[in-house]
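Bear in mind that the values in this text are calculations on the coordinates, not laboratory data. Treat the numbers as computed from the prediction; the structure is a model and nothing was measured.
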């Protein structure tokens, strides 16, 4: 079983913001695979289902971004998951808009949601898929809570589709092959 976590903030006021691209990818995967994320447990919206032949849990913590580790830790313990079976999807303002970066471990890069997960699970040895949201304009805190303009919406929508493709690929092929196939700029349209 795989635990796939999208990071974001709950509630309508955060919907469509740069900080919620992880939530958006989880929603996209739910649509693709018929998982409605109707369950509430682990301080999260979640759904247990299948992607291809593999059992997965899709998880959207409702604890707000900077407390996401509580939810991930609770779900991981409940399902008795190994760290190899955890993938977290988040925004990254150090990456150009639309670029994906999959890694199998490493630092949080200053992302407070990722750091909270590292702190709670006690290791950074789990996979993460970062989606570039562009370089901040003004305050980074304010920037991540802004919505994409029309031009950027098309770019981020393609990035989210590619991110969902990357998650599906990761489930069957692991982190290293997914990195090789999906890291970097999106292919031209």
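What is the antiparallel percent of DSSP beta bridges lying wholly in the chain, to the nearest 5? Walk me through the numbers before you get to the answer.
On the way: 17 of 31 bridges.
Rounded to the nearest five, the antiparallel share is 55 percent.
Rounded if a/c is under 1.5, else prolate if a/b beats b/c, else oblate: with a ≥ b ≥ c from the C-alpha gyration tensor eigenvalues square-rooted, which is the range 1-70?
Details: a/c = 2.04, a/b = 1.51, b/c = 1.35.
It is prolate, given that a/c is not under 1.5 and a/b is the larger ratio.
Using the alpha-carbon centroid of each, what span in Å lies between the range 105-131 and the range 1-40?
18
Which values of log₁₀ I(q)/I(0), to two decimal places, follow from the Debye formula for the chain at q = 0.13, 0.15, 0.17, 0.19 Å⁻¹ with a uniform point scatterer at every Cα?
-0.59, -0.80, -1.07, -1.38
Under 10 Å, Cα contacts only: if you run a Gaussian network model on the chain, which one of 105, 22, 113 comes out with the highest mean-square fluctuation?
Fluctuation is largest for 105.
Could you work out which residue, out of 125, 94, 154, moves most in a Gaussian network model of the chain, that is, has the largest mean-square fluctuation with Cα springs under 10 Å?
154
With n ≥ 4 as the cut-off for DSSP H runs, can you work out [θ] at 222 nm for the chain, using -39500 (n - 2.57) per run divided by the number of residues, rounded to the nearest 500?
Numbers: 5 runs with 73 residues, N = 189.
Using -39500 (n - 2.57) per qualifying helix, the result is -12500 deg cm²/dmol.
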